[in-house]
Structure formats: structure tokens, C-alpha cells
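First the structure, in the form of C-alpha cells, and then the observations on it.
The values are calculated or read from the model by the stated rules, or taken from the named source; none is laboratory data. Remember, it's a predicted structure, so these values are computed and weren't measured experimentally. Every residue, glycine as well, gets a Cβ built from its backbone with ideal geometry; the counts of neighbours run over all protein chains shown. When the accessible area is computed, the model is the full protein with side chains, heavy atoms only, and any ligands, DNA or RNA have been set aside. Shrake-Rupley method; radii C 1.70, N 1.55, O 1.52, S 1.80 Å.
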Amino acid sequence: MRIVVAAIGRLKQGPERELAERYRKRAADAGRRAGDAARRMLEESIAVANLIPERAITVILDARGESLSSETFAGRLHEWRQQDKPAVVFIIGAADGLAPSLKEKASLAIAFGVATWPHQLIRIMLLEQLYRAVTILAGHPYHRA
């Protein structure tokens, strides 16, 4: 079946056009890449697990996780800092999700709403929330409650 997106105007050169083309190509190739999702999930989870330092706090980003306010998120970072942990590792799973064993080890699962977001945007949203949390903890005026 042919799918047509009809829109007035054109995307100019730049990141939006590149992202649109990436998704157009991915949609066209999706059927050819289905493969064995369970195996792919396990392999990806093992690769991620190998990056987690010993005694680190692990946080997974999951649509079924908790929705935290920015202040609560900052508070959690403050608590973890007080526990003298070597690191906080935020894990963004791939399209097939994370293996149950990795999810069970997580200290926290958080969600940025109930919508499904592209991984590229989730990374940016997470980095913005980390920046916002740091400014909240420092008393900087960036965050306005």
C-alpha cells in the first residue's frame, strides 16, 4: 500500500529535513528489519548492563515509569548524591525495550508522559531535565515553578 503525506510548503535544508528523511526511510525499511525482537532486546540489554559501574544507581526511561515533577527529579538526584554512589546511569532502551532482568535491577523507572517519544527526543528531554535539576539544586533562576 502506498502512503502519501501531503503538506503545504517544503522542509528547508537542516535538521528537521534530515530527521523527516530518516523516519521516511525507516518506515520504508521497517518490514525488512523485524527479525527476532526478543534476541535483539537481550543482546542490547547485555551491552547496556556491561556499561553500568558497580554500586551505581540505575534509572530506566520507560513509558510505564513514574512521572516526576522537575523538583522531585532534582530531589532524587540530591538524595543519590548524598548516598555517595559512584554514578547514576540513565538507560534509554531500544525500540524493543529492555530485558526484564535489566528492568528489575533499576532503582527507578521514569516516564516523560504517556506518549511514545523517539529516542533522539528522549535523550534531549532527559538532558534538559538533568540541566534543570542541577539549576534547581544550585538555586539558579532557570527553573520557574
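Laid out as a table, the results:
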item: Value of relative contact order over the chain, rounded to a whole percent, pairs C-alpha under 8 Å and six or more apart; result: 29 percent
item: Calculated FRET efficiency for the pair residue 95/residue 71, C-beta based, R₀ 35 Å, to 0.05; result: 0.65
item: 23 Å tail of the calculated P(r), the chain, as % of Cα pairs; result: 50 percent
item: The chain: angle of helix 119-138 to the longest principal axis, Cα-based, in degrees nearest 10; result: 30 degrees
item: In degrees, nearest ten, helix 70-82 long axis to first principal axis of the chain (Cα); result: 50 degrees
item: Degrees between helix 15-29 axis and first principal axis of the chain (Cα, 0 to 90, nearest 10); result: 70 degrees
item: Neighbour net charge for residue 38 - beta-carbon separation under 13 angstrom, K R +1, D E -1; result: -2
item: Within the accessible area of the chain (1.4 Å probe), percent carbon and sulfur; result: 56 percent
item: Antiparallel bridge percentage (DSSP; both residues within the chain; nearest 5); result: 10 percent
item: Ranked packing of 82-89, 128-135, most packed first, by mean Cβ within 10 Å; result: 128-135, 82-89
item: Rounded D (µm²/s) - segment 52-111, Kirkwood Rh over Cα pairs, Stokes-Einstein at 37 °C, 0.692 mPa s; result: 272 µm²/s
item: The chain: calculated mean residue ellipticity at 222 nm from DSSP helix runs of at least 4, using -39500 (n - 2.57); result: -15000 deg cm²/dmol
item: Computed magnitude of the charge dipole of the chain (debye, nearest 20; Cβ of K, R +1, Cβ of D, E -1); result: 620 debye
item: For residue 90, residues with placed amide H under 5 Å, excluding near neighbours; result: 59
item: Whole-number accessible area per residue in Å² for segment 14-145, which is evaluated in the context of all protein chains at 1.4 Å; result: 67 Å²
